[in-house]
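The values are calculated or read from the model by the stated rules, or taken from the named source; none is laboratory data. For clarity, every value in this text was computed on a predicted model and none was experimentally measured. Glycine gets a Cβ as well: all are built from the backbone with ideal geometry, and neighbour counts include every protein chain shown.
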Amino acid sequence: MSYPYQIKSFEEYKSVYNKSVMDPEGFWGDIAGHFYWRKRWDKVLNWNFKDPKVEWFIGGRLNITENCLDRHLGSLGNKPAIIWEPNDPEEHHRILTYRELHTKVVQFANVLKNNGVQKGDRVCLYMGMVPELAIAVLACARIGAIHSVIFGGFSAQSIADRLMDAQAEYVITCDGAYRGNKEIPLKSVIDDALVQCRFVKRVIVLTRTRTPVSMIKGRDVWWEDEIRKVETMGNPDCPAEEMDSEDPLFILYTSGSTGKPKGVVHTCAGYMVYTNYTFVNTFQYQPGDIHFCTADIGWITGHSYIVYGPLSAGATTLLFEGIPTWPDAGRFWEVVDKYKVNVLYTAPTAIRSLMGFGLGPLQGKQLSSLKVLGTVGEPINEEAWHWYNENIGKGRCPIVDTWWQTETGGVLISNMAGVTPAKPSYATLPMPGVQPVLVDENGKEITGNNVSGNLCIRFPWPSIIRTTYGDHERCRTNYFSAYENMYFTGDGCYRDEEGYYRITGRVDDVLNVSGHRIGTAEVENAINMHAGVVESAVVGYPHDIKGQGIYCFVIFQGSHGDENLNRQDITQTVSRIIGPIAKPDKIQFVPGLPKTRSGKIMRRILRKIAEGEMENLGDTSTLLDPAVVDEIKKGKL
Ligand code: 6R9
């Protein structure tokens, strides 16, 4: 594979960027020409941000798996597509060549068909980080089914909510998953979820941990048995379904500031073109490089930069089942040396947590294969940036700080490794085709440099969110109504003297805990489910490792006397309703919450208290009962 559209110098970046803004259709049309289409598009772009309605490569016909697999078979058939490193370093790793991956995807696509899955059906995937997860994702795409991957840290209730929202009739899971020294009983969690989801027709279960499972007659089948069936059927092929450019490819749920998580919808062509383009350019991927993205496929980062971006580029992608700190905090470095990893892409929270173990775990690790480092998911503080640069990159690997979102599909603002300048804690400059704007609260554009504002984007890029599944109005109000004719990101941002962008964090009620998005309203709803809770308010506070921690103010009645027991009960409730990833870090019991006369909780005040900034709480005169603030301050944890 060669990448004629890979940008090679800062000068080239500037001219490409200019072209992409002057003539977006010409620009993206040229890039799209490097893919395999059953039928070329008639028109590159149609859009308005009012409805919103965005269509890319209109009239084009394709299948993303032909671009990720079939088209590589001639030149890369025997080259590794996926390297899989298991949780337990003693267990044997696996390598799947492009040919083997193609065979397995085709096989499993036939399994899906045999089980009744058709184009447009929603298929929910709740699995650990095993190659079969990538295989299942691609098999769905092969037959035009819409996959919706749910991260293994979500509870049965969260799964049920998502299954209902997507009306997904098919589920693919594993008996269990290994994560460090833990075994997570995935199938059993699915069983709990399905009590509420009688519409699910089929559950396909992959054997991984041999955790005991209850297989329900007529509903549940084993992955391995189903593969055997298609093997004996004879015809091993599964021609790819011809998709329209704008047919949905997947749904991925993410948290917002209000209500339940929304199902972000991405479509086939635009998503393919953009993830490939940003993969090749951000990381400056070279043929033969080993790309190691440590995210879970349950998040957008895994979708775009473990599966679709790398595979569409014919790259070798490393899929790691475990966690950075097991069996010890040298695990990432061991994996890097074992496979001679060239690109390492991880989250600031992982870097900060590994920093805490000092340099011991780096003893004896070469890390000499590394060429490029990347971060994603949250702002990276300068200390972590420098630690990463010095101790992992040994000062010779460019670090790309990639800012983007589930809704954006791919990286929007980032430096390009070794090509455009890096600046610690800055995402730096927009990708070609991306037009950032800073706006003030009144929606007025803030021009010039050395300014801060809310980050919006004024022109569509190919992998922009198309809709929120089943509720287009929600997509409009969430992203396209705050500022006219602009996509609103929910992030605050500073543009420095040189025009470089630094993302400062969410400006809405979304927390970023260890790089995971969690809505404060969601956590409050979960806490309020507990029988003893009268009311609660949740805010974020700075946390050394997680970036943000979850601070909960709770009015509690019917206490059984022991505050710690009550805390544990509330934590258990949140874990049950949302999942372990949303567990509160601090729970403070309070006699009341600071409310305005109209009954609105003044979160600004609670945020300040949680941050420990007791002195400047601002104007509290509009409060119904200002005395409650002093009570809360006294009890601060
Ligand atoms: C890809 C991903 C999106 C939110 C986003 C922002 C934060 C992501 C960042 C970053 C600063 C970066 N974020 N990358 N903040 N610098 N390089 O993480 O998607 O899970 O949807 O989260 O994460 O606040 O709005 P998602």
Output yes when any residue across the stretch 553-562 is farther than 27 Å from Pro324 by Cβ, crowded, with 18+ Cβ neighbours inside 10 Å, aliphatic (A, V, I, L, M) and touching a Phe, Trp or Tyr at 6+ places or on another chain (Cβ under 8 Å), and no when none is. yes
In the stretch 220-235, anything touching a strand residue (DSSP E or B) at 6+ places or on another chain (Cβ under 8 Å) and surrounded by 14 or more Cβ atoms within 10 Å (Cβ to Cβ) is listed as Asp220, Val221, Trp222, Trp223, Glu226
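When you look at Pro580, is it in contact (Cβ under 8 Å) with a residue 24 or more places away in the chain and closer than 20 Å to Val510 by Cβ, yes or no?
yes
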Does Asp491 count as at pLDDT below 95 and either within 24 Å of Pro348 (Cβ to Cβ) or assigned to a loop (DSSP other than H, G, I, E, B) (or both)? no
In the stretch 335-374, which residues are among the charged types (D, E, K, R), in a helix (DSSP H, G or I) and under 23 Å from Pro287 (Cα atoms)? Asp337, Lys338
Out of Gly612, Gly618, report the one residue that is in the same structural domain as Val534 (by TED's automatic domain parsing), among the small types (Gly, Ala, Ser), surrounded by fewer than 13 Cβ atoms within 10 Å (Cβ to Cβ) and modelled with pLDDT under 90. Gly618
Mind listing whichever residues of the stretch 256-273 are more than 17 Å from Gly302 (Cα to Cα), within 16 Å of the ligand (Cβ to nearest atom) and buried (at least 24 other Cβ atoms within 10 Å of the Cβ)? Lys262
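Within the stretch 523-556, can you find the residues that are within 14 Å of the ligand (Cβ to nearest atom) and under 26 Å from Val628 (Cβ atoms)?
Residues satisfying the conditions are Gly540, Gln548.
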Any residue at all in the stretch 427-441 that's more than 15 Å from the ligand (Cβ to nearest atom), at pLDDT below 95 and in a loop (DSSP other than H, G, I, E, B)? yes
Filtering the stretch 363-403 down to residues that are β-branched (Val, Ile, Thr) and within 22 Å of the chain's Cα centre (by Cα), which residue is surrounded by the fewest Cβ atoms within 10 Å (Cβ to Cβ)? Ile399
Which of the following residues is β-branched (Val, Ile, Thr) and either without any contact (Cβ under 8 Å) to a residue 24 or more places away in the chain or in contact with a Gly (Cβ under 9 Å, 6 or more places away or on another chain) (or both): Ile135, Ile146? Ile146
Counting only residues that are more than 8 Å from the ligand (Cβ to nearest atom) and either in contact with an Asp or Glu (Cβ under 8 Å, 6 or more places away or on another chain) or within 13 Å of Tyr345 (Cβ to Cβ) (or both), the stretch 386-409 contains a total of 7
Could you list, in sequence order, all residues of the stretch 36-70 that are closer than 22 Å to Thr282 by Cβ and touching an Asp or Glu at 6+ places or on another chain (Cβ under 9 Å)? Trp56, Phe57
Ala422 versus (1) near the ligand (Cβ under 9 Å from one of its atoms); (2) more than 22 Å from Ile323 (Cα to Cα); (3) of a type in the set (A, V, I, L, M, F, W, C): which is the lone unmet condition? (1)
Being closer than 21 Å to Tyr308 by Cβ, more than 25 Å from the chain's Cα centre (by Cα), surrounded by 15 or more Cβ atoms within 10 Å (Cβ to Cβ) and not aliphatic (A, V, I, L, M): is that true of Trp41 here? yes
Report, by residue number, each residue of the stretch 193-229 that is under 30 Å from Glu91 (Cα atoms) and either touching a Cys at 6+ places or on another chain (Cβ under 8 Å) or basic (Lys, Arg) (or both). Val205, Leu206, Thr207, Arg208, Thr209, Arg210, Arg228, Lys229
Does the stretch 389-431 hold any residues that are within 26 Å of Thr267 (Cα to Cα) and among the aromatic types (Phe, Trp, Tyr), and which are they? Trp403, Trp404
Any residue in the stretch 180-202 that is on the phi > 0 side of the Ramachandran plot sitting within a Cβ distance under 9 Å of a residue that is surrounded by 17 or more Cβ atoms within 10 Å (Cβ to Cβ) and in a loop (DSSP other than H, G, I, E, B)? List the pairs, counting only those 6 or more apart or interchain. Gly180/Asn87; Gly180/Gly322; Gly180/Ile323; Gly180/Thr325
Inside the stretch 1-109, counting only helices (runs of 4 or more DSSP H) that do not spill past its ends, which hold 2 or more residues that are under 30 Å from Arg228 (Cβ atoms)? 64-68, 73-76
Hey, among the residues in the stretch 494-507 that are in a loop (DSSP other than H, G, I, E, B) and crowded, with 16+ Cβ neighbours inside 10 Å, which one's nearest to the ligand (Cβ to nearest atom)? Val507
Considering only the stretch 244-289, how many residues are touching a strand residue (DSSP E or B) at 6+ places or on another chain (Cβ under 6 Å) and either assigned to a strand (DSSP E or B) or free of Cβ contacts under 8 Å to residues at least 24 places away in the same chain (or both)? 13
Any hit, the stretch 178-199, residues being within 19 Å of Pro580 (Cβ to Cβ), among the small types (Gly, Ala, Ser), buried (at least 23 other Cβ atoms within 10 Å of the Cβ) and more than 19 Å from the chain's Cα centre (by Cα): yes
Residue check for Phe320: among the hydrophobic types (A, V, I, L, M, F, W, C) and surrounded by fewer than 24 Cβ atoms within 10 Å (Cβ to Cβ): yes
